């Protein structure tokens, strides 16, 4: 507000245009496929936590004896749990693939002055994944 | 190919509008025309009040960034024919997540302030005398930071990054990539001075690796890569500081 | 750091573990281990450590990731104290339960 003083000197407020500030909607992540893919990738962590909770229940059943374990195995056959586990399996594999594919950009490796292509850095992780999975299978299925 | 295409352009005049609205313009399609040519055609022949930034029209000044059909793009590098093929319309809006000054012009002072904060200039430990001659760098030393030096400050990455929209204090992809460009430069010894702003919740730790910034960057700078690399460097520095401080206390 | 370690552990080990124990065995695709064999396997000290890592680190990975997803996805950054407590509290609780079970099994 401009104000006159008794001496006649006036002070002005500098003009400032009204910028438009768009609000980011809570549903921003539904607006684009790339954003949705990002949120799904992050939600894979829920499948990871679900797996850990199931495993803790399994360990608890093992701890309590053969009847408890049989009861646990029976509950795992329920259609609801099978469905949840099927969905979780896809999310968990999605986590693995996105994790291995993104890691190379965080760790660029240079050999003989040139940068090693990302695919080559990701490949050993996949190999390790297969080897480790095979070892677990061998140990459990013996 | 159709010989005309419709552009829906966001308009906002602070003196008259409370919020942006869209105006439609029909523009002739020439094989070699880009969206910027269409905007210039409209301003020259149809509506002289259309307001937008542009300069070099060849993808190096970084002025003409806008949202084209929801994607951040340099309008000097986006061909009309890409959209005319499907008989589609082109929706042109100002870059997302920035305040709008007028029509397609965004307010960049916040971005520029963040850029200054990361100190994107060489800070050698001891400034050698001029008589000593130039700094020498091998091709390998240049290669370490070259990719991050390609940034043209077009802020397409800020328009792509949801974190900048959700958290306006986030330093952002371009600023961090440029800080990393100087951290990796063998002539610079100022990494410690940049730590305070980078290794901070509003710095690299605000990034959740959405990766959109890298996808939209017209100069293939890979700011997401720069940020993740700095995260690892920051963690290693922190671990190192634990070890060295323990050594000092005993 | 816990986030990265948890992410690697989850990426490497969880797919095969989930597939075997919660899909293949319940659905009868593969013959599961007997109770006695599984118990003896779990009682092995190395396996106890393996299982502890498998249960603990991924929970911290989830805690960090889910916390930020809530901030970004639901714009609830103002509830940061509550979310922090729920996420990391949950991870710590899971870790403690895992430790107890694996110590006493």
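Coordinate-derived values only; no laboratory data. Quick caveat, the model's predicted, so the values are computed rather than measured. Glycine gets a Cβ as well: all are built from the backbone with ideal geometry, and neighbour counts include every protein chain shown.
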Based on C-alpha coordinates, I'd like the Rg and Dmax of the stretch B:4-106, in Å. 12.7, 38
Measuring from centroid to centroid over Cα atoms, what is the spacing of the stretch B:208-225 and the stretch C:91-105 in Å? 40 Å
Would you list A:84, C:70, B:198 from fewest to most Cβ contacts within 10 Å? A:84, C:70, B:198
Most mobile of B:75, B:155, B:51 per a Gaussian network model of chain B (Cα springs, under 10 Å)? B:51
Place a label point 7 angstrom from the Cα of residue B:13 along the Cα-to-Cβ direction, then list the residues of the stretch B:34-74 whose backbone nitrogen is under 13 Å away. B:47-51
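Taking Cα atoms of the protein assembly as shown, Rg/Rh with Kirkwood Rh, to two decimals?
Rounded to two decimals, Rg/Rh equals 1.06.
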Can you give me the C-alpha center-to-center distance between the stretch A:61-81 and the stretch B:77-144, rounded to a whole angstrom? 58 Å
For A:60, B:109, what ranking results if the residue with the fewest other Cβ atoms within 10 Å of its Cβ goes first? B:109, A:60
What ranking do C:105, C:83 get, fewest neighbouring Cβ atoms within 10 angstrom at the top? C:105, C:83
For the stretch C:28-75 and the stretch A:101-142, write down the distance between their C-alpha centroids in whole Å. 21 Å
How large is Rg over Rh for chain B, taking Rg from the Cα atoms and Rh as the Kirkwood inverse mean of 1/r across Cα pairs? 1.07
Chain A - Rg (one decimal) and Dmax (whole number), Cα, Å: 28.6, 99
